[in-house]
Amino acid sequence: MTMNQPFDRTGLDRVCAFVNGKGGVLKTTLTANIGGLLAVSGWRVLLVDFDPQGNLGLDLGYRHTGSDDDGMGMAQSLMFGAPLTPVKAVRPNLDVVPGGSNLDQAAAGLVSLAGKDGRKAKLALAAALSPLADQYDIIFIDCPPGNEPLQLAALGAAAQIIVPTKTDRGGREGLLGVAKRLDSVIDVNPGIDLLGVIIAATSSSARSVQRTVREAITEAFGSQDVLFENMVRHAESPAQAVRERGVLVHELEEQVNSGPKWYEVLRGTAKGGPSQPRSAGNVAEDLHRVAQELVARLEAAEQRNAS
């Protein structure tokens, strides 16, 4: 690819980046759980942990195991063009490219590269994913909150972006940051589109939440239509349980449903196991609905682009 030659984006039309300039807005939770739900439904899914914290590995249970290279493979691909080798079958139909601390070194390398060839730096992840893309039905990128060179590379690779946000000021400021970042990659990725904004980690009603964020969304993206109808409520107990156990929310829900009932333990007809958060079903239901809406939005966007 020469300096002015368009990048061949064949196969990258279903690369979706979860991004927000603010941390703690459930980017990793949504990446892992929506990816897991699509894999269960039969989609071939690749999750890319593009965060030096590597928390996707905690949600999926492979962090600090033999499968976890702490982002070394991704770093070598970004800096030297080495082929990416995903970790296969973390779940059925679900492969992962691990992240971790080695991505800090890669980010520094991208800064150096950008000084020589800004276009190549922005397209580094796209170039890494391109040879793999035809093996998957969808690729999700879990973006870091504040690492500019990695965020730009993620946006350079993505066909669609999904912005999770809370209703607090920090989340809304993160929305504005994403809008500005998009302007920075239009030169290498003119077709990038916003799939939608997801309200996450909220306990408010949908109506009050939408009132709170509508102005920020309109200011950032020019329309409130980008707001997902479905939200993911906050539930502290399942949030802690899934990360500690390395399971996804729908997997935790299955554990809850299959476990002994409290009255069975009380009667002595069953033995009590680890305490199970009963609110897991509520969060699992939210994630199911968000996953369904994401697929519907994706298919609608593809139809618009085809017409």
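The values are calculated or read from the model by the stated rules, or taken from the named source; none is laboratory data. As the structure is a prediction and not an experimental result, all values here were calculated from the model. Cβ placement follows ideal geometry from the backbone for every residue including glycine, while neighbour counts extend to all protein chains displayed. With ligands, DNA and RNA removed, areas are computed over all heavy atoms of the protein, side chains included. Shrake-Rupley method; radii C 1.70, N 1.55, O 1.52, S 1.80 Å.
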Looking only at the stretch 122-135, filter to residues that are open to solvent by 20 Å² or more (accessible area, probe 1.4 Å) and touching a Lys or Arg at 6+ places or on another chain (Cβ under 9 Å); which one of those is farthest from Q76 (Cα to Cα)?
Q135
Taking the stretch 136-152 on its own, how many of its residues are open to solvent by 10 Å² or more (accessible area, probe 1.4 Å) and either over 19 Å from L38 (Cβ atoms) or in a strand (DSSP E or B) (or both)?
6
Looking at the stretch 288-305, is at least one residue in contact with a Leu (Cβ under 7 Å, 6 or more places away or on another chain), charged (D, E, K, R) and modelled with pLDDT of 85 or more?
yes
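Okay, residues lined up against (1) aromatic (F, W, Y); (2) within 21 Å of V249 (Cβ to Cβ); (3) part of a loop (DSSP other than H, G, I, E, B):
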site	(1), (2), (3)
T10	no, no, yes
V25	no, yes, yes
A32	no, yes, no
A39	no, yes, no
P52	no, no, yes
D68	no, no, yes
Please verify whether A270 is open to solvent by less than 50 Å² (accessible area, probe 1.4 Å), at pLDDT below 65 and of a type in the set (A, V, I, L, M), treating the condition exactly as stated.
yes
Within the stretch 108-125, track down each residue that is part of a helix (DSSP H, G or I) and not small (G, A, S).
L110, V111, L113, K116, R119, K120, K122, L125
Is it the case that A157 is open to solvent by 60 Å² or more (accessible area, probe 1.4 Å), of a type outside the set (D, E, K, R), under 30 Å from R233 (Cα atoms) and in contact with a strand residue (DSSP E or B) (Cβ under 8 Å, 6 or more places away or on another chain)?
no
Of the residues in the stretch 77-107 that are without any contact (Cβ under 8 Å) to a residue 24 or more places away in the chain, outside any strand (DSSP E or B) and not β-branched (V, I, T), the one that is nearest to A32 (Cα to Cα) is A82
Do we have F50 as open to solvent by 60 Å² or more (accessible area, probe 1.4 Å), out of contact with any Lys or Arg (no Cβ under 8 Å at 6 or more places or on another chain) and of a type outside the set (K, R) here?
no
Limited to the stretch 162-199, what total is found for residues that are open to solvent by 20 Å² or more (accessible area, probe 1.4 Å), closer than 18 Å to R211 by Cβ and either among the polar types (S, T, N, Q) or in contact with a Phe, Trp or Tyr (Cβ under 8 Å, 6 or more places away or on another chain) (or both)?
1
Quick check on L155: is it assigned to a helix (DSSP H, G or I), closer than 18 Å to R9 by Cβ, in contact (Cβ under 8 Å) with a residue 24 or more places away in the chain and under 16 Å from the mean Cα position of the chain (by Cα)?
yes
Quick check: is even one residue across the stretch 211-234 surrounded by 20 or more Cβ atoms within 10 Å (Cβ to Cβ), at pLDDT 75 or above, part of a helix (DSSP H, G or I) and among the acidic types (D, E)?
no
